[in-house]
Amino acid sequence: MQSLDRRTFLQLAGTGLIAPWLGSPIAAQGDWLPLPDTLGRVTQPRVRIYAAPDPESEVSGALQRDMIVPIFEEADTVGLAKHNSRWFRIRTGWVYSSYVQPVRDERQRWVVRAVPPQGFWGQISVPFTEARARPNSDARRTYRLYYASVHLIIDAQRDPRGVWWYRIRDDFISGLIHYARADHVRPIPPSEMSPLSPDVEDKMVEVDIQQQRVTAYEAGVAVHSTICATGTYFTIEGLGTLNYTTPAGRHRVVRKRPSRHMRGGEGRSDFYDLPGVPFCTYFTTAGAAIHGAYWHNDFGHPRSHGCVNVTPADALWFFRWSHPATDYAEPVVLVDEGGTPIVVT
C-alpha cells in the first residue's frame, strides 16, 4: 500500500484514485466561533469555569460534556488535585485541564476513493464525529467517535448530497459496520507507523506506578518518558471494591494492534465503551496494555482498569518503538517471543 502523504495524494488525484472533498468545508456540530489551532473538548458531565487558575477563585459558570472551547493560554498554578497543576484559559475564564481534552479541528481535503483490499488506518481529526449506520447524515447514529481515535477504513462511498463517507469495520462488535464522514478522518500513512530504532535489540520499558511515569530505555539509557495513568480500585454497587491495579512484575510485549474497541463492566457503574482506542501494546495475556486515551486528560494518577493510559501521540511512539515491528496491514500481531520487556514497579 502506498504512503498516503500529501505527495501521494496529489499523484493519486491525477489518476482518479482519490477525489477532492466535495462537501461543506465546515460540518455543523454547533454554532462555533472561528477556531484557533488549539481547542478543548470537555470530557466530564459538568466542568466548572473559574475566574482565575485557582481552586479558591470565583466560579463563574460551567461547561457540559463534549462542548468545544478555544484554548488561549495555559497556566501552572495550584490544581484541583495534587497530580496536576495545569489550567486552560477559555473565553469566559479558566478550566482545569484534567477535564478537557486538547483537540484540533482539521478537515481533510482529500478522499481515498480506491480503498486497498486490506483497508487503511484512519484517525479522527475533528473534536468528534457521528458515525452512522449508513453513509448518510440522516441515518441512525451508531457511535460518537472522538478526536485521535483510530479506525480501520474498508471502503469509501458518496451519498446523494455528494458527501463522501468512510466505511469502518469494528473489531469488537460482530457485524457492526458503520460510516464516518471522510473529511473528519485523516488517513494514517504507513510512514507514521514504521518502526523506531528497529536495529536496537536492548530495549526495555519501565512503568513506575508510584511516579505514574512510563519510560523507554535503550541499553540502559532513557530515550522517551511520559506521565501516565495506571490501574486503580473501583467501588461497584453490589460487588464492593475491585482491584484493577496494573499488575506489577516483569512482563513482555505479547501482542500489538493499532486500534481496539474496548468495552467492559456491562450493567455496572464502571461501564466503559470505547471504540478506536489507539495504538495498543499489550504486555499481559489478560489484556493490560500501554495505549492512548482520548476520553480524559487526567494523566499523573491511577484511574484505569489495569492498562497504562498515555496520550495518543505517546502511545504511537511506544507502539512503533517496541519489539516486534509490526506490518501496517496487520490488524493484530501475536507475539510468541522477542517482545520488548515491560517492567511494572
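Excluding A133 itself, calculate the net charge of residues whose Cβ lies under 10 Å from the Cβ of A133, where each Lys or Arg counts +1 and each Asp or Glu counts -1. Result for the local shell: +4. As a fraction of the 1.4 Å probe accessible area of segment 253-299, surface on carbon and sulfur atoms comes out at 44 percent. With Rh defined as the Kirkwood radius, the inverse of the mean 1/r over Cα pairs, the Rg/Rh of the chain is 0.97. Which loop-located GluC sites (Glu not before Pro) does segment 54-88 contain, where loop means any DSSP state but H, G, I, E or B and the Cβ has at most 15 other Cβ atoms within 10 Å? Answer in residue order: E56, E58. Among residues other than R213 with Cβ under 13 Å from its Cβ, the summed charge is -3 (Lys and Arg +1, Asp and Glu -1).
Surface calculation, 1.4 Å probe, protein heavy atoms: R213 sits at approximately 90 Å² accessible.
Residues whose amide H falls under 5 Å from that of V223, counting only those 5 or more places apart or on a different chain, are A216, Y217, E218, with hydrogens built in the peptide plane. Label reach from E266 (point 7 Å along Cα→C-beta): in segment 237-252, amide nitrogens under 19 Å belong to 237-239.
Dipole magnitude for the chain: computed about the Cα centre from +1 point charges on Lys and Arg Cβ and -1 point charges on Asp and Glu Cβ, it is near 980 debye. Can you tell which of A131, A293, A222 shows the greatest fluctuation in a Gaussian network model of the chain with Cα springs below 10 Å? Ranking A131, A293, A222 by mean-square fluctuation puts A222 first. How large is the Kirkwood hydrodynamic radius of segment 71-127, counting all unique pairs of alpha carbons, in Å? Roughly 14.5 Å, rounded to one decimal. For the pair L334 and S57, a Förster radius of 45 Å applied to the C-beta separation gives a FRET efficiency near 0.30, rounded to the nearest 0.05. Each of Y50, Y99, S85 was scored by the projection of its Cα onto the charge dipole of segment 45-100, and the greatest displacement toward the positive side belongs to Y99; charges sit on the C-beta of Lys, Arg, Asp and Glu. The distance separating the Cα centre of segment 47-125 from that of segment 277-345 comes to 23 Å. Only protein heavy atoms count here; on that basis, with a 1.4 Å probe, H151 has an accessible area of about 10 Å². Taking amide H positions as modeled 1.01 Å from N, with prolines and chain starts lacking one, the residues under 5 Å from H251 and 5 or more places away or on another chain are I342, V343, V344. Antiparallel beta bridges, as assigned by DSSP with both residues in the chain, represent about 90 percent of the total such bridges.
For the chain, the solvent-accessible area of protein heavy atoms averages 47 Å² per residue (probe radius 1.4 Å; ligands and nucleic acids excluded). Dipole orientation for segment 205-270: of the candidates A229, S259, T245, S259 has the Cα lying most toward the positive pole (charges on Cβ; Lys, Arg +1; Asp, Glu -1). With every protein chain left in place, what is the accessible area of K256 in Å² (1.4 Å probe, nearest 10)? Accessible area of K256: about 0 Å².
Per-residue ellipticity at 222 nm, computed for the chain from helices alone with -39500 (n - 2.57) per DSSP H run of at least four residues, works out to -1500 deg cm²/dmol. Modelled this way, with points 7 Å down the Cα-to-C-beta line, the labels at L176 and R161 are 2.4 nm from one another. The shape of segment 214-345 can be summarised by an equivalent ellipsoid whose semi-axes, obtained from the alpha carbon gyration tensor, come to 25, 17, 14 Å from longest to shortest.
With a sphere of radius 15 Å drawn around the Cβ of P275, what net charge do the other residues whose Cβ falls strictly inside it have (Lys, Arg +1; Asp, Glu -1)? Within the 15 Å Cβ shell, the charges total +4.
The values are calculated or read from the model by the stated rules, or taken from the named source; none is laboratory data. In this text the structure is predicted, and so the values were computed from the model without any measurement. Note that we place each Cβ from the backbone using ideal geometry, even for glycine, and neighbour counts take in every protein chain shown. The area values use the complete protein model at the heavy-atom level, side chains included, leaving out ligands, DNA and RNA. Shrake-Rupley method; radii C 1.70, N 1.55, O 1.52, S 1.80 Å.
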